Amino acid sequence: MTTLILGGTTEASRLAELLAAAGLPAVLSYAGRTESPRAQPVPTRIGGFGGAEGLARYLKAEGIGRVIDATHPFAAQMSRNAVAACAATGTPLLALERPAWQPGPGDRWTMVPDLQAAAALLDGPRQRVFLAIGRQHLSAFAGQPQHHYLLRLVDPPGALPLPDCTLELARGPFDAAQDRALMLRHGITLIVAKNAGGAGAEAKLTAARDLSLPVILIDRPALPPRPVAATVEEALRWCHADLGV
Ligand code: NAP
């Protein structure tokens with residue numbers, strides 16, 4: 001029984017490792033956003049399925065026995081499609097959903113519901129902003145061109161909608177010491193990030209706390225109800241339980 005892992009996260013890669021080590025067949029699916037995804041211990045496929053209907057067709061054609069949605073918490077369209085396609089085909093679905101980050105002592109966070117609200121908060125004098133939101137939605141900040149933006153991306157982005165920015169090409173996970181040094185090097189005064197949760201991207205928040213820098217943190221999009229595991233180990237146990245192991 002093949003497990004389809006919807007990937008693009010550190011957790012999806014880790015789950016692929018655990019399934020391979022357990023001898024359970026799996027396919028890891030990427031959207032194809034990065035030019036050279038990491039090598040994986042299970043077969044991979046790259047590119048969209050063609051909406052929920054396309055995914056349902058894929059599940060049937062490939063004889064997929066279960067789906068684990070291990071996409072990023074902000075990949076809402078893919079997650080909605082997975083819920084719809086699994087319901088339509090009767091395929092068991094589990095979402096690997098890392099808990100959202102919560103502020104602790106020393107954090108200077110402002111939580112906002114979406115990108116637009118984050119951009120609206122930047123309406124003010126020039127700052128040096130670490131805009132840690134990936135590549136896709138930078139245009140939401142085009143209306144605040146007075147700031148200097150530090151962007152950290154996996155691949156070179158091509159034309160950017162922001163007139164004054166520095167590009168840092170790097171692939172996570174990152175550690176707090178590196179992120180602290182990065183912020184000091186670029187004279188960062190404010191961080192804008194998505195509330196992704198998990199360990200791989202948390203370093204920037206730890207670094208911000210160490211440097212007492214303010215953070216604008218964007219809440220996750222709402223998703224339909226679905227069974228959820230918080231860790232890769234829990235997701236592996238779900239696969240084993242399903243097999244009666
Ligand atoms: P999205 O808006 O939810 O997805 C848009 C479309 O991309 C989906 O409808 C689907 O196309 C395709 N797609 C997305 N994830 C896919 C996957 N794992 N395998 C095959 N097709 C996929 O997603 P997104 O925000 O663009 O994110 C794209 C990918 O980057 C995801 O795999 C996600 O895990 C990863 N990622 C996203 C973020 C983020 O902040 N959004 C951050 C880190 C990593 P069809 O409808 O044609 O099937």
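The values are calculated or read from the model by the stated rules, or taken from the named source; none is laboratory data. Note that the coordinates shown come from a computational prediction; the quantities given were computed from them, not determined experimentally. Every residue, glycine among them, receives a Cβ derived from its backbone with ideal geometry; neighbour counts consider all protein chains shown.
Some points to look at:
- Hey, residue 70 more than 8 Å from the ligand (Cβ to nearest atom) and either outside the structural domain of residue 135 (by TED's automatic domain parsing) or modelled with pLDDT of 95 or more (or both) or not: no
- Condition met for residue 152 (assigned by TED's automatic domain parsing to the domain that holds residue 33 and closer than 25 Å to residue 98 by Cα): no
- Reported count of residues in the stretch 200-245, each being of a type in the set (A, V, I, L, M, F, W, C) and assigned to a strand (DSSP E or B), is 6.
- Within the stretch 36-63, the set of residues being among the basic types (Lys, Arg) and under 20 Å from the mean Cα position of the chain (by Cα) comprises 38, 45.
- Of all residues in the stretch 59-75, those that are closer than 22 Å to residue 231 by Cβ have Cβ atoms under 7 Å from Cβ atoms of residues that are assigned to a strand (DSSP E or B) and of a type in the set (Gly, Ala, Ser), 6 or more apart or on another chain, in 69/95.
- Contacts under 6 angstrom Cβ, first residue in the stretch 164-177 being free of Cβ contacts under 8 Å to residues at least 24 places away in the same chain, partner of a type in the set (Gly, Ala, Ser), 6 or more apart: none
- Only one entry in 23, 32, 51, 47 is in the same structural domain as residue 84 (by TED's automatic domain parsing), more than 10 Å from the ligand (Cβ to nearest atom) and surrounded by fewer than 18 Cβ atoms within 10 Å (Cβ to Cβ), namely 23.
- From the options 193, 199, 203, 235, residue that is in contact (Cβ under 8 Å) with a residue 24 or more places away in the chain, hydrophobic (A, V, I, L, M, F, W, C) and surrounded by fewer than 19 Cβ atoms within 10 Å (Cβ to Cβ): 199
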